[in-house]
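Q: After the structure tokens below, expect a handful of questions from me.
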Amino acid sequence: MTQISPTPISPADAQALIARGALLIDVREADEHARTRLPGARNMPLSRLVSIDPGAAPAIIFHCRSGARTAAHGRRLDAASPCPAYVLDGGLDGWRKAGLPVIAERGQPIELMRQVQIAAGLLILAGLILGLTVAPGFIALSAFVGCGLTFAGVTGWCGMARLLGAMPWNRRVGA
């Protein structure tokens, strides 16, 4: 392909292209896709995206939640597509704002990274409150969580995400 990255496409134009047979690819992780997705979207997370067999599809439209992920990985998406490639302008959020249908399965657990953010925030807050009201040693809990987040950011390995991912409520993903 000669283009540097996929062309942005409005939700309305994307819907029309999908009606003509374009393939819609959700590049978010499986837990995100299971909770909220566009009708007909196939899940192919960026973390495992190599190349796509579009079959008879005349084009591929990639989307994420807000459009930031697809914009940041445009060259990679373009390289994975053997046919004309587009990125959904505004992602799933833009699609929803345009009044187009979205499948939301609230029975699915919230996204794992949001669970990590909630748990880390609560642990840091608890360590701070307990450190100020019960015993100063509880501030070490906040420091421990902060070190864990720093380690996760530097290495890409998050122990809290692994722990939360193994919890029973996170075993329902499968949309």
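The values are calculated or read from the model by the stated rules, or taken from the named source; none is laboratory data. Because the structure is a prediction, the values reported are computed rather than measured. Here Cβ is always computed from backbone atoms with ideal geometry, including for glycine, and neighbour counts include all displayed protein chains. Side chains are part of the model used for accessible areas, which takes the heavy atoms of the whole protein and leaves out ligands, DNA and RNA. Shrake-Rupley method; radii C 1.70, N 1.55, O 1.52, S 1.80 Å.
Q: Which trypsin sites (Lys or Arg not before Pro) from region 1-96 combine a DSSP loop assignment with at most 10 other Cβ atoms within 10 Å? Provide the component values of the computation, followed by the final result.
A: On the way: sites: ARG20, ARG28, ARG35, ARG37, ARG42, ARG48, ARG65, ARG69, ARG75, ARG76, ARG96; in loops: ARG20, ARG28, ARG65.
Sites meeting the loop and neighbour criteria: ARG20.
Q: If you build a Gaussian network model of the chain, linking Cα atoms that sit under 10 Å apart, which residue out of ALA119, ALA140, ALA34 swings the most?
A: ALA140
Q: Still on this structure, I have one more. Hey, what number do you get for the chain at 222 nm if only DSSP H runs of n ≥ 4 count, each worth -39500 (n - 2.57), divided across all residues, to the nearest 500?
A: Details: 8 runs with 80 residues, N = 175.
For the chain, the value works out to -13500 deg cm²/dmol.
Q: Compute the normalised compactness of region 52-104: alpha-carbon radius of gyration over 2.2 N^0.38 Å, N being the residue count.
A: Scaled against compact globular proteins, the figure is 1.18.
Q: Using modelled amide H (1.01 Å from N, peptide plane; none on Pro or chain starts), what sits under 5 Å from the amide H of VAL87, excluding residues fewer than 5 places away?
A: For VAL87, whose amide H was placed from the backbone, the distant partners under 5 Å are THR7, ILE9, PHE62.
Q: In region 16-111, which chymotrypsin sites (Phe, Trp or Tyr not before Pro) fall in coil by DSSP and have 12 or fewer other Cβ atoms within 10 Å?
A: On the way: sites: PHE62, TYR86, TRP95; in loops: none.
Passing sites in region 16-111 do not exist.
Q: A further question on this structure: Considering only protein heavy atoms, what per residue accessible area in square angstrom results for the chain with a 1.4 angstrom probe?
A: On the way: 9650 Å² over 175 residues.
Per residue, the chain has an accessible area of 55 Å².
Q: Let me ask another. Any idea how far the Cα center of region 1-54 sits from the one of region 133-173, in Å?
A: Measuring centre to centre over Cα atoms gives 32 Å.
Q: When the chain is treated as a GNM, springs tying every alpha-carbon pair under 10 Å, which of PRO136, PRO109, PRO101 comes out with the largest mean-square fluctuation?
A: Highest fluctuation of the listed residues: PRO136.
Q: Taking all protein chains in place and a 1.4 Å probe, what share, in percent, of the accessible surface of the chain do carbon and sulfur account for?
A: Details: 6110 of 9650 Å².
Carbon and sulfur: 63 percent of the exposed surface of the chain.
Q: A further question follows. If you filter region 112-175 for trypsin sites (Lys or Arg not before Pro), then keep DSSP loop positions with at most 11 other Cβ within 10 Å, what is left? Don't skip to the answer; put the middle values down first.
A: Details: sites: ARG114, ARG162, ARG171, ARG172; in loops: ARG171, ARG172.
Taking region 112-175 and a limit of 11 other Cβ atoms within 10 Å, the loop trypsin sites (Lys or Arg not before Pro) found are ARG171.
Q: Let me ask you something else. Rounded if a/c is under 1.5, else prolate if a/b is larger than b/c, else oblate: which is the chain, with a ≥ b ≥ c the root eigenvalues of its Cα gyration tensor? Present the calculation step by step, with values, prior to reporting the outcome.
A: Values: a/c = 2.73, a/b = 2.25, b/c = 1.21.
Taking the square roots of the gyration eigenvalues as a ≥ b ≥ c, the chain is prolate.
Q: Also, I was wondering about something else. Relative contact order for the chain: what is it in percent, counting Cα pairs under 8 Å that are at least 6 residues apart?
A: Details: 269 pairs, mean separation 42.9, N = 175.
Relative contact order of the chain: 24 percent.
Q: Between SER66 and ILE129, what FRET efficiency comes out of the Förster formula 1/(1 + (r/R0)^6) with R0 = 35 Å and r the beta carbon distance, rounded to 0.05? Working shown, then result.
A: Details: r = 33 Å, r/R0 = 0.94.
The computed FRET efficiency comes out at 0.60.
Q: Turning to a different aspect of this structure: Spelling out what I want: for every residue of region 72-89, take phi, set θ = phi - 60°, compute 6.51 cos²θ - 1.76 cosθ + 1.60 (Karplus), and round to whole Hz; glycine and proline get x.
A: 5, 10, x, 4, 5, 5, 4, 5, 7, 9, x, 10, x, 10, 10, 10, 6, 5
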